Amino acid sequence: MRKRKLRILETIIGIIGSLFGIGIFFFVGMLLALGDFYNTGSSLLDQYSQQLSSLIIYSIIGIILSFLINFKRKFAGWGLIIISLAITVQSVDFAGFIPGFFFFVAGIITLLRK
């Protein structure tokens, strides 16, 4: 029973990290679109456009890996850790730290489970 609860916790932590990544993508994208609408911050839109698109791609991969935890534990654990490092390193500001943290915790818990 304890192992099943731990697997559910790992999946939930991975999904929370993905939802934070997707939420940050839409929130910052909306702010940048408003700034572009008012003709302010167009250089800011160019700066963050690649970063936001990679954040959404990493978040979608994180959701997929979170569901693979029950089937391929080591693959999903290492994948979540690699994605967390990629998000954290690529993100210049605080936006990538939160999903990266959740992915890292889910990956470590997955690898430490027997």
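The values are calculated or read from the model by the stated rules, or taken from the named source; none is laboratory data. Please read these numbers as outputs of a predicted model, since none were measured by experiment. Every residue, glycine as well, gets a Cβ built from its backbone with ideal geometry; the counts of neighbours run over all protein chains shown.
The residue that is modelled with the highest pLDDT, among those in the range 82-101 that are surrounded by fewer than 20 Cβ atoms within 10 Å (Cβ to Cβ), among the β-branched types (Val, Ile, Thr) and assigned to a helix (DSSP H, G or I), is 82. Kindly evaluate residue 104 against the criterion of being at pLDDT 80 or above and part of a helix (DSSP H, G or I). Taking the combined requirement at face value, the residue satisfies it. Residue check: residue 48 meets all listed conditions (1) over 14 Å from the mean Cα position of the chain (by Cα); (2) at pLDDT 85 or above but one, namely (2). Can you say whether residue 75 is part of a helix (DSSP H, G or I) and surrounded by 15 or more Cβ atoms within 10 Å (Cβ to Cβ), as far as the supplied structure shows? Taking the combined requirement at face value, the residue does not satisfy it.
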